[in-house]
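Below: the structure, in structure tokens.
The values are calculated or read from the model by the stated rules, or taken from the named source; none is laboratory data. Owing to the predicted nature of the structure, the values given are computational and were not obtained by experimental measurement. Heads up, the Cβs are rebuilt from the backbone with ideal geometry, glycines too, and the neighbour counts pull from every protein chain shown. Heavy atoms of the whole protein, side chains included, go into the accessibility calculation; ligands, DNA and RNA do not. Shrake-Rupley method; radii C 1.70, N 1.55, O 1.52, S 1.80 Å.
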Amino acid sequence: MSLRNAFSELFGLVPDLVTAAPGRVNLIGEHVDYNDGFVLPFAIDARTYCALRVREDSRVRIASKQAGGEIYETELAELKPLTGPNWARYILGVIWALEVKNGVEILIDSEVPSGAGLSSSAALECSVAIALNEIFTLNKSLPQLARLTQRAENEYVGVPCGIMDQSISLMGKSGHALLLDCRDLSTRQIRVDFANLGLKLLIIDTRAHHALVDGGYAERRSQCEAVAQTLGVKALRDVTIGELEIARMKLPEVNFKRARHVVTEIERVSLAVKALEADSFEEFGKLLNQSHISLRDDYNVSCAELDLTVDAALNCGALGSRMVGGGFGGSAIALIREGDAGKVASNIERAFQSAGFTTPRFFDSLPSDGAQVLN
Ligand code: GLA
């Protein structure tokens, strides 16, 4: 059944509009967004859809097909951070952050797999934000919506994420990756045409989800902030590798390694953009590999399933491979020659089987457009 029909069946009236917002993969620039660094994600074709109708009163009634389709109801005046069922907080948080003054009915449906590290939460938040912005003529720019949806996730949901996922879900452009300056949200669209060079970006969902995800992420953030404070800078973006080396003795060794990841990763993003612009895919692949090693050894956010995926892909001739997103599970990417997709996938599957891991899932996606109002 279409989302419009499902909405009418659930709420008894047709929706005023339907919007869609995508998930993402990040080519490179991991765990640098909350250090004011540069990232290079692209929007994937899998989307989250939001059907919305404005009410005459201040009632909020929301449902999600992925959460079983039951309606959760509340009042605008009762919206309060960290309240409501977990799935509902992403939607309520956006209504709250955008300071909506009218009641609404919302039904969500999503193609973005959750728990795969492909930003299903940002896709959900941005589909709702775009719908509210349109229907109430809030006239917020995309960077403003990115900040507001991030605020919804930080404060209402209680997840201390950076600004990357919401930005790419809103600002993605088909055929391009988004070079985003996470300090001022200025952007440059970088053309990415793997297919033209006979290449493909394989996305591998390891289906691992380790308990460390939440605590580990917050801990990394505070380690980075502690280093920035010791060095007297606003964020690690303002530190060179030379300055960091000089300060090494003043820092706990573990924090030094965390900061070394961030500082070298920001440098890799700028090299990766140059490699992409020069069609130097061998070079680009090497940067992906270096990023993975740094995330694994200095930042300590990889896990056995992600490392095995990367090794299995590289053993099969991938030009480069690395974990993406927050880590401790989720997905990896591998840049491969187009004809090798089957071979690489079965090599990864075999490796998972021998290790006794859950069978992984494979996706591929061209860089796609960001959030849209569909009608
Ligand atoms: C998660 C967060 C992002 C970013 C990545 C790591 O996806 O939501 O803000 O920090 O992890 O790069």
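Structure values in brief
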quantity	calculated
Computed accessible area, E75, all protein chains, 1.4 angstrom probe, square angstrom	50 Å²
3J(HN,Hα) from dihedral phi, segment 229-241, Karplus parametrisation 6.51/-1.76/1.60, rounded to Hz, x for glycine, proline	5, 4, 7, x, 10, 5, 8, 5, 3, 8, 10, 9, 5
Local net charge near Y156, Cβ-Cβ under 15 Å (Lys/Arg +1, Asp/Glu -1)	-1
Net charge over other residues, Cβ less than 11 angstrom from the Cβ of V301 (K, R count +1; D, E count -1)	-1
Residue of P81, P22, P41 that the Gaussian network model of the chain assigns the largest fluctuation, springs spanning Cα pairs under 10 Å	P81
Mean Cβ neighbour count within 10 Å, used as a protection proxy, ranking 158-171, 96-109 highest first	158-171, 96-109
Inter-site label distance for E134 and D45 at 7 Å from Cα along Cβ, in nm	2.1 nm
The chain: most fluctuating residue of A77, A341, A304 per GNM, C-alpha cutoff 10 Å	A77
Fluctuation leader among P252, P113, P15 - the chain, Gaussian network, Cα springs under 10 angstrom	P252
Per-residue ³J(HN,Hα) for segment 25-42, Karplus 6.51 cos²θ - 1.76 cosθ + 1.60, θ = phi - 60°, Hz, x for Gly and Pro	10, 10, 5, 6, x, 9, 6, 10, 5, 7, 10, 6, x, 10, 10, 9, x, 10
Computed magnitude of the charge dipole of the chain (debye, nearest 20; Cβ of K, R +1, Cβ of D, E -1)	200 debye
Carbon + sulfur, % of accessible area of segment 237-375 - ligands and nucleic acids excluded, 1.4 Å	50 percent
Vicinal HN-Hα couplings computed from phi for segment 155-170 (Karplus, 6.51 cos²θ - 1.76 cosθ + 1.60; Hz; Gly/Pro x)	9, 7, 7, x, 10, x, 6, x, 9, 4, 5, 5, 5, 6, 5, 8
Segment 192-364, accessible area per residue, ligands and nucleic acids excluded (1.4 Å, Å²)	44 Å²
Within segment 192-364: Cβ-based charge dipole about Cα centre, in debye rounded to nearest 20 (Lys, Arg +1; Asp, Glu -1)	300 debye
Cα pair distances in the chain, grouped into 10 Å bins until the bin that holds the longest one, percent each	5, 24, 32, 24, 12, 2, 0
